[in-house]
Structures are given as structure tokens and as C-alpha cells.
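Asker: Take a look at this one; I'll ask things after.
What follows draws every value from the coordinates through simple rules; no lab data is involved. A quick note: this is a predicted structure, and the numbers were derived from the prediction, not measured. No Cβ is skipped: glycine too gets one built from the backbone with ideal geometry, and neighbour counts run over all protein chains shown.
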Amino acid sequence: MTLNGIHHISAVTGDARGNLDFYTRVLGLRLVKKTVNQDDPTAYHLFYADEHGSPGADLTFFEYPGAPRGRAGDGMVHRIVWRVGTSDALEFWTSRLRNERIEARWEDGGLRFDDPEGLAHELRVSTVDDAPLVAVHSAIPIEFALQGFDGVRAYASDPDRSRRFLDEAVGFRADGTARFEARGATRGATYTYDRAPGMGRAGAGTVHHVAWSSTMDEHDAWRERVIRAGGHATPVIDRFYFRSIYFREPSGILFEIATAGPGFTVDEPLAHLGESLSLPPTFEPLRPELERTLTPLPNPRAPSPSAR
Ligand code: ZN
């Protein structure tokens, strides 16, 4: 039993409009679901991904309007690493980000930049043959588009504490001293530790959790395996678009294991993903109130008035 890399990564924003602009217009991802945080339905939960809303390319944000910026520290994911196809793509992104007045710099073979709230990203040329997970964007040639997650980097004060758990509970393969890989039949992703700079603070621009991808059939077995390895896994929670369990790995990073399906087309057609507020049936009674209180967001794929 192996996990198929990262399913999704969830982070916090204090500014849904700026967040939507950055991830759809600048980075070229597709808004594939506009829904609410199922643990606090007064907050948005926005999902950006490839064209099909695939696990492996799905970055999500909870919006707490005006939330102060956080800072990544011990026990937190601090950087999201994406794949691109070629070094030409890195050149393309260097100039595209600079044109957007976003500071981008080459570092250790990758291109580093932060989102408007300080969340760290890195683009790296893919070294694996996993299917590229790409979204369509009029200003980004398809060969330069982001292709899904390569991995995440996390801060830990003593990564050795996690070594056995990562092997026994989630089947990560150790690769060097502080780098691990979760690789299954269809995809893989890396999980790398860096020395913690000190304690962090949750808030806008920080990652809340990273979810790893399980098949539908193996999900219950993963929960049993995590518990056998000493993890405190939650019961299976039905998130409507997928099923989930949550637990902290020994270095303090919050993990989720989520099922690859049923996916984002359970309540709206593929062609119209993300265009309207989607509410799982249990939250439907809250719709009138939520439509009044949630930050109004434009449809990033609406035809521009000048194009008509
Ligand atoms: Zn999640």
C-alpha cells in the first residue's frame, strides 16, 4: 500500500479577492470549487487546481478576512514546490513574475517567490514522468504552465523523531537525510525537512495542512495503519468531495489522508467548476446567509467586457 503523493495543500488567506487574482490570473490555476470550510462554514474554502480539479495539483485556502499574516515555524509546512516542464518554463516564470512586480529569484536550481501574503513557492523542472496536471490560461503557453505539486518543505527542530513514523504509518521512502518520497502507482511527491528557525505563528500566508492521496479502497486501511504506528488519526470524515482522516506526524506537521474521489464534479459539471457557491447538502440551509456575508468574488473565467 502506497500513497499517490500529495492530494491537496490547504493554507490561510486574509484576502480572498487578492488570493483569487494571484492564483488564477498570475499563476494560471483554475478555480475548481468555491465552497465553505466545513469546520467553520462562515469562512470560504477556495480550491485552485488543474483543468480537471485533480488530486496532485489542488491548492486550497480558507479565508478569514483581514487575518494577520502568520509566519512558518517549527512543525509547519513552509514552502510549496511545483513542477514545470523545462528550464524554458523557469525563464518564462521569471519574467512573468517580475512583470507582476513579484520578486523571483533562482535558488538551488529552482525559482523561488512568495504569494502576496508571504506564502513561499518554488518552481522546479520535473524529474519524474507523472502526468502533468495543467490548467488552461490565455496568457500562459501550455508548455510553461504549472504541472502539479513536486512536494512540500517543512520545518522541524528534530526531523529524526519522524523517521520511523513516516516509514511505518504512511510508507514514505527515505531519500538522503531529510528528504522523503511518497510514491504510489500513479503519482509521487517529496516531503523535505529544513531546520526550524523557531516557533511559527498560524495566520494569512501559512499552510494549515498537507493531504496525501489514497485510493478509495485503501482509505480505511490507511487509518488502521496510522493508528498501529502510534498516530492519533481522527475518524473518517466525509468531506463530500473526498473522505479524510487527520493526524499530526511526530514533528508536529498536520497530515491528512484524502481519497482520490469522488471529486469536484459531484455537484457541478466540469465545464462550470467554481463558478458558483457550492455547498454540501448539510450546509445548504445556510446559503442565504452565506451569500450575504462571504466576500463577493468575480468568476475568473467570465469573458471580459472588452472581448464581447
Ligand atoms: Zn484538507
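Asker: Hey, can you list the DSSP H helices of the chain whose Cα span along the axis is 24 Å or longer and whose average Kyte-Doolittle score is at least 0.0?
Answerer: Helices meeting the criterion: none.
Asker: Over the range 55-129, consider all pairs of different Cα atoms and compute the Kirkwood hydrodynamic radius from their mean reciprocal separation; express it in Å, one decimal.
Answerer: It is 13.9 Å.
Asker: Give a quick list of GluC sites (Glu not before Pro) in the range 200-308 that DSSP marks as loop, anything other than H, G, I, E or B, with at most 10 other Cβ atoms within 10 Å.
Answerer: Of the GluC sites (Glu not before Pro), not one in the loops of the range 200-308 has a Cβ with at most 10 other Cβ atoms within 10 Å.
Asker: If you take every DSSP beta bridge fully contained in the range 6-307, what fraction is antiparallel? Give it as a percent rounded to 5.
Answerer: Roughly 65 percent of the DSSP beta bridges within the range 6-307 come out antiparallel.
Asker: Pick out which of V236, V32, V134 has the largest mean-square fluctuation in a Gaussian network model of the chain, springs linking Cα atoms closer than 10 Å.
Answerer: V236
Asker: What are the semi-axes of the equivalent ellipsoid for the range 138-207, taken as the square roots of 5 times the Cα gyration tensor eigenvalues, largest first, in whole Å?
Answerer: For the range 138-207, the ellipsoid semi-axes come out as 26, 20, 10 Å.
Asker: Hey, in the GNM for the chain with a 10 angstrom Cα cutoff, which one of A229, A154, A202 fluctuates hardest?
Answerer: In this elastic network of the chain, the residue with the biggest mean-square fluctuation among A229, A154, A202 is A229.
Asker: Here is a follow-up. With +1 on each Lys and Arg Cβ and -1 on each Asp and Glu Cβ, how big is the dipole of the chain about its Cα centre, in debye rounded to the nearest 20?
Answerer: Rounded to the nearest 20 debye, it is 420 debye.
Asker: How much mean residue ellipticity at 222 nm does the chain get from its helices, if each DSSP H run of length 4 or more adds -39500 (n - 2.57) and you divide by all residues, to the nearest 500 deg cm²/dmol?
Answerer: Calculated at 222 nm, the ellipticity per residue is -4000 deg cm²/dmol.
Asker: Can you run the Rg to Rh ratio on the range 6-307? Use alpha carbon positions and the Kirkwood inverse-distance Rh.
Answerer: 0.94
Asker: For the chain, modelled as a Gaussian network with Cα springs under 10 Å, which listed residue fluctuates most, N19, N99, N37?
Answerer: N99
Asker: So, with +1 on the Cβ of K and R and -1 on the Cβ of D and E, and no other charges, what is the size of the charge dipole of the range 1-83 about its Cα centre, to the nearest 20 debye?
Answerer: Around 240 debye, computed over the range 1-83.
Asker: Also, I was wondering about something else. Using Cα pairs under 8 angstrom and six or more residues apart, how large is the relative contact order of the range 6-307, in percent?
Answerer: Relative contact order for the range 6-307 comes out at 24 percent.
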